Amino acid sequence: MPIPKSPRRSLPAALLAGVLAAAALGGAGLAGRADAAEAAGGSDTGTRTVEYFADSHGEGRHVQVPAAVPAEIRKEKRTPATAAPDGQVTALQKTGPSEGRLDLVIMGDGYTADQQEDFRQDAESKLDSIFAIEPYKSYKGLFNFWLVNTVSNESGVSGDPTQDVVKDTALSSYFFCDDVERLLCIDEKKVDSYAQQAPDSDIVFVVSNATKYGGAGYSGVQSTAGHTGIATMSSDNDRSYLIGAHELGHSIGLLADEYQYAGYGRYPGAEPVEPNTSILTADGMSGAKAKWYRWLGESDPAGGTVGAYEGGGYYEYGIYRPTQNSIMRALDTEQFNLVGREAMIAGFYRDADVLTARTPTTRTLRPQDHIRVDLAPLAKGLSDVRVHWYVDGVEVHRAAAERTVTGKELGVRKGTHTITATAVDNSASLRDPAAIRAASNSVSWTVKTGK
Ligand SMILES: [Zn+2]
């Protein structure tokens, strides 16, 4: 999006504070997202922090990796691929203008000019799997998908199947990043340059042509193309899509990791800003009407009931998560918990609008002129969007749910009036008034009688 409507482009301060505090305690292997912020943008120097999942059913881990691709992988690059489809952009799904949508850019690596159709199929397969998960499923209509072709000189990627394998590929993706087999790193600069080919880039998925399980999550990315997160995933492994689904939990839902590191001890910080971790117990939350108190006791799609389960945000004690398990804790489930779902939906609406004006709002209309609105094509499921019409702030109830009206039909007679259409999402997945407010948007027109 050209103009972010939210602070999601900056790293949550409390998360940074927590990480820095943890780093000061000398914990091993913790997320240094501060480093991610510093090293973001594909800097060739220093390190950046990425998340990976060593086990396709397990919990995540953060590690610092060199920001630059190792020289031995880079130097393989001979002449740049110049085959026809390199950099070509295809709209896999376009439901509306980029200003009102989340633009997800998907690109491949390790696909030769002859394998571009393979890439397209692999990309569609990943997207199908991710968008079968709620709340992605119900809100898929708020996304545009841009497929960007990259042409590699060689098929496959470095480190697959073994560490000594080196391939000349468009994005230099490689397993065994920082000697971690399942960690699939990429050259962020190259990703950025391809992403710039797309009309807009909020999130990037890189599908690497490989059979080995693996991937990585880059958050807090600063890019010229505009994206703030990159998720890499291997093409032929049927669980690698969960890495992408989890990583969007950070970049769209602003969710914390709900897993912990053994031996990491007690959380030392203040209340985290993320919606899905808290220093409060269930009783504390109820008493203070804080965090996910509205969901306590509910049966959860991720299993069990919503409560306050100790351990999360990398710490073992003194910090709580909403459910025993969820996709933000381990990839043995594909379910977000109720708290995560609400945060994801609020995140979708932070960057996307369900209601757009088809009749331009810039000119003054006459009472008999048609006023038309479009609604994003959301699926039946979690979403429940209705349109309401107002004249000078007073709702005209009989017009509710209409997509086309005239000022006359709304009862406009003499003078100058403001007509407003508002879309409200009454989803049962939204309970926080701030999230419900974020889930509605309005458009207004001026209607004038006479000359
Ligand atoms: Zn994570």
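Quick notes on this structure:
- For segment 398-418, the residues whose backbone nitrogen is under 16 Å from a point 7 Å from the Cα of Arg358, taken along Cα to Cβ, are 401-407.
- FRET efficiency, 1/(1 + (r/R0)^6) with R0 41 Å, evaluated for Gln121 and Ala270 via beta carbons: 0.30
- Accessible surface of segment 354-448, 1.4 Å probe, proportion on carbon and sulfur as whole %: 49 percent
- Taking 20 Å as the straight-line reach from the Cα of Lys291, the aspartates and glutamates in range (excluding those fewer than 8 positions away in the same chain) are Asp257, Glu258, Glu271, Glu274, Asp283, Asp300, Glu310, Glu316, Glu342, Asp432.
- Computed extension length for Lys289-Tyr309: 5.4 nm, one decimal, from 0.36 nm per residue of separation with the Cα-Cα distance subtracted.
- Over the chain, Cα pairs under 8 Å with separation of 6+ residues give a relative contact order of 14 percent.
- All lysines inside 20 Å of Lys448 as judged from Cα atoms, apart from same-chain residues fewer than 8 positions distant: Lys408, Lys414
- Carbon + sulfur, % of accessible area of segment 152-244 - ligands and nucleic acids excluded, 1.4 Å: 40 percent
- If the segment from Val165 to Leu92 were pulled out straight at 0.36 nm per residue, it would be longer than the present Cα-Cα gap by 23.0 nm.
- Taking the DSSP bridge list for segment 354-448 and keeping only pairs wholly inside it, about 90 percent are antiparallel.
- The chain: antiparallel DSSP beta bridges as a percent of all, rounded to 5: 65 percent
- In this structure, the residue pairs whose Cα-Cα separation is over 31 Å, taken from Lys212/Lys380; Lys137/Lys212; Lys126/Lys380, are Lys212/Lys380.
- With DNA, RNA and ligands ignored, accessible area of Leu296 (1.4 Å probe; Å², nearest 10): 40 Å²
- Accessible area per residue, Å², the chain with all protein chains present, probe 1.4 Å: 39 Å²
- Nearest-10 value in Å² for the accessible area of Asp300, using the 1.4 Å probe: 10 Å²
- In a fully extended conformation the segment linking Glu99 and Lys414 would gain 109.9 nm over its present Cα-Cα distance, using 0.36 nm per residue.
- Distance from segment 307-377 to segment 133-176 (C-alpha centre basis), Å: 26 Å
- Between Arg398 and Ala262, the simple spin-label model (points 7 angstrom out along Cα→Cβ) gives 7.0 nm.
- Estimated distance in nm for a label pair at Glu316 and Asp384, the labels positioned 7 Å out from Cα along Cα-to-Cβ: 4.3 nm
The values are calculated or read from the model by the stated rules, or taken from the named source; none is laboratory data. Everything quoted here is computed from the prediction, not taken from an experiment. So basically every Cβ, Gly included, is an ideal-geometry build from the backbone, and we count neighbours across all protein chains shown. Please note that ligands, DNA and RNA were not included when accessible areas were found on the heavy atoms of the full protein model with its side chains. Shrake-Rupley method; radii C 1.70, N 1.55, O 1.52, S 1.80 Å.
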